[in-house]
Each structure stands twice: as C-alpha cells, then as structure tokens.
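In what follows, a structure is listed as structure tokens, so that the remarks can point back to it.
Read-outs throughout are calculated quantities, based only on the coordinates presented, and are distinct from any laboratory measurement. All values derive from a computational prediction rather than experimental measurement. All Cβ positions, glycine included, derive from the backbone under ideal geometry; neighbour counts span all protein chains shown.
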Amino acid sequence: MPASVRTAVIPAAGLGTRLLPATKAMPKEMLTVVDRPSIQWVVEEAIAAGIDDIVIITSPHKKALEDHFDRMAELEAALEAKGKQEMLGSVRHITDLATFHFTRQGAPLGLGHAVGTAARHVRNEPFAVLLPDELLPDGGQTLSRMIEVAEATGESVISLVPVEGPEICNYGCAGFSEREGNVIKVDRLVEKPTFEDAPSNLRITGRYVLTPDIFEKLERTEPGRGGEIQLTDAMALQIDDRGMRGLVVDDAGFDAGQKADWLRANVELSLRGDDGAEVAAMLRAALESNGF
Ligand code: UTP
C-alpha cells in the first residue's frame, strides 16, 4: 500500500438541509444505511485504501459523530458480560482500525473552508478528502487507484463519473486536455455548468487526493457561489500551478445526502449483504401487496 497518503479528511460540518426533518437534531452523517451510520461506510472505505489517520470536521450539535468513533467502556463491558462477542466485535472494530481526530469548523462557510480547518493536522503531506454523504462501497479500490496516480504524478487527483445529457448541470464538471486509459489531465473545473458550456460529461464525485499546497490556495480563495469558500475554486488554482489528474470510474456509488438515493443505498446494499435473499423476497412481497 502506498505510504504517501496516510490521512483522510472527512468534512461533516454541513447543515444537511436536503434531508430535513430527519437531520434537524441528528447529523446526516449518522443516518443509518443498512446497519451502520453512513459516515462509517466512508471511514471503512478509507481504511480499506490503506489510510489509518482520520480527521473528521464537525460542528456544534454533532457530538454523536465523536461518540460513534470513541470507545464506550460501559457498553463493551455489558456486551462482554452477556457473552455477546459478535456485537462486541462490531462495536470495537471501527475504533481499533484507525486514529480519529475531530476539528470544529465553527460555521458552515463551505466545503473549501471545512477542508482548510484540517491544515494544522495534515501539514505537508498529500491527503485524501472523502465526502461522507457519498457512499462508494468498492472496498477502497477507487481511492487506492487515485493514491497511485497521485504518487506517480505528484499532482492532486479527483475521481469522475460520466453522466447522461443535461444531468451534468447539477454537478461540478472537469474538462481535460489529454487522456490515457481512464486517467485524464484536468485542464479546468466548472461548478454546475449549463449543458452547452459543459467542457465534458464527467462529473466530479466526492473523492479527492490533494497535495498540501491546497491549504495556501484555500487561504487565497474568496467566497464564491452561495457565499461559501468552494474547494473547486482552490483546486482550479492547483491546475494552473502544478497540474491535476482525474480518474474516470464507472461506479458513481450513492448520494446518501438526498432522500431518493439514500433509500436506494439502503435497498441495494441490503441486497448485496448476507440477508440479500430475504430482503429480495420482502421487496417482491411489498411490491405485490402495494399493486406494483
Ligand atoms: P453538502 O452541501 O452536500 O452538505 O456538502 P450539506 O451542506 O450538509 O447538505 P445540504 O446541501 O444542506 O443538504 C458536502 C459535504 O461537505 C460538508 C457536509 O457536511 C457534507 O458532508 N460541509 C459542507 C462541511 O463540512 N462544511 C460546510 O461548510 C459545507
């Protein structure tokens, strides 16, 4: 496993307005997908890609995130006393695999601002950023490959998926000048372009491997769209300075930050799990009894 990227930054300080009312008091990153909070899927992905140092950017009212990744002596003792070894293992598993750090963003001033709060922890090394509402349960394959490309080129790397037609208008989009296999040389980033102006059909997903000069560029980045400090604006400065690569992948994963896709994540990941056959039977029965 490449040793150059050891840290993952997971920004989780947003307001989660698209999932209200569920997210009024409960952080959206703690909403359950199958049997665990969505942020745990993302942490497990980072760990599978060889990362063992996790920085989670939080905000007031999101203490549940810290508690979830902390040891809970009382619960562990109770499970041990009752001989519930499997449950005990599942509770301990995640805290044992990585070191967790928490940084407060203070106010939700944008994704770029959130990533910037990790500067003092990350210092001078390339690092990964994983958005916790985008689930990519591929055993860390995409992130591992991104790390390899970052190592080989010394540039930041983003992951991209092709989308159909005007769908690109809802996303960040990357233009490119060269392509070798599924690796492109990014020459521009455009947030939510019009269909006519989109430089490609490749949308930016929630996985980044960034070189540490991003922090100095974030400091120079003025608030952009929506009054927020945008990560893509600072990344655009990296393109001019040292270049940027994109890894084109087929699997878009799930956008668990919006209702329909959160539900799809639950259904599809349940079908892929140990109880898949049972879930399929339940879905068939539910469809039939509801007249579908
Ligand atoms: P989103 O825009 O998807 O999250 O940001 P949000 O703002 O919480 O959700 P909506 O749009 O209101 O429903 C992507 C990720 O960046 C984090 C969010 O927590 C989310 O995981 N984020 C966003 C921050 O940490 N800080 C910010 O200021 C903005």
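List the pairs from Lys24/Lys192; Lys62/Lys185; Lys62/Lys84 whose alpha-carbon separation is above 32 Å, in the order I gave them.
Lys62/Lys185
Report the relative contact order of the range 115-235, percent, no decimals, based on alpha-carbon pairs under 8 angstrom and at least 6 residues apart.
31 percent
About the Cα centre of the range 1-113, how large is the charge dipole given +1 on each Lys and Arg Cβ and -1 on each Asp and Glu Cβ? Please answer in debye to the nearest 20.
480 debye
Which chymotrypsin sites (Phe, Trp or Tyr not before Pro) in the range 117-208 sit in a loop by DSSP (not H, G, I, E or B) and have at most 15 other Cβ atoms within 10 Å of their own Cβ? Walk me through the numbers before you get to the answer.
Numbers: sites: Phe127, Tyr171, Phe176, Phe195, Tyr208; in loops: Tyr171, Phe195.
Qualifying residues, ordered by number: Phe195.
If neighbour count is taken as other Cβ atoms inside 10 Å, put Lys217, Lys82, Lys259, Lys28 in order from fewest to most. Intermediate results must be reported in sequence, preceding the final value.
Numbers: Lys217 21, Lys82 10, Lys259 13, Lys28 24.
Going from sparsest to densest Cβ surroundings: Lys82, Lys259, Lys217, Lys28.
Determine, from the Cβ-Cβ distance of His93 and Arg123 and an R0 of 30 Å, the FRET efficiency 1/(1 + (r/R0)^6), rounded to the nearest 0.05.
Calculated value: 0.55.
Report, in degrees rounded to the nearest 10, the 0 to 90 angle that the Cα long axis of helix 85-97 makes with the longest principal axis of the chain.
With both axes taken from Cα atoms, the answer is about 20 degrees.
Using alpha carbons only, how many degrees (0 to 90, rounded to 10) separate the axis of helix 141-153 from the longest principal axis of the chain?
So the inclination is approximately 30 degrees.
For the chain, what is the percent of antiparallel DSSP beta bridges, rounded to the nearest 5?
For the chain, the DSSP antiparallel bridge percentage is about 60.
Cα extents of the chain along the three principal axes, largest first, in whole Å?
The principal-axis extents, from largest down, are 59, 50, 37 Å.
Relative contact order for the range 30-152: what is it in percent, counting Cα pairs under 8 Å that are at least 6 residues apart?
42 percent.
Taking the 0 to 90 degree range and rounding to the nearest ten, how far is the long axis of helix 38-48 tilted relative to the main principal axis of the chain, both from C-alpha atoms?
With rounding to tens, the tilt is 70 degrees.
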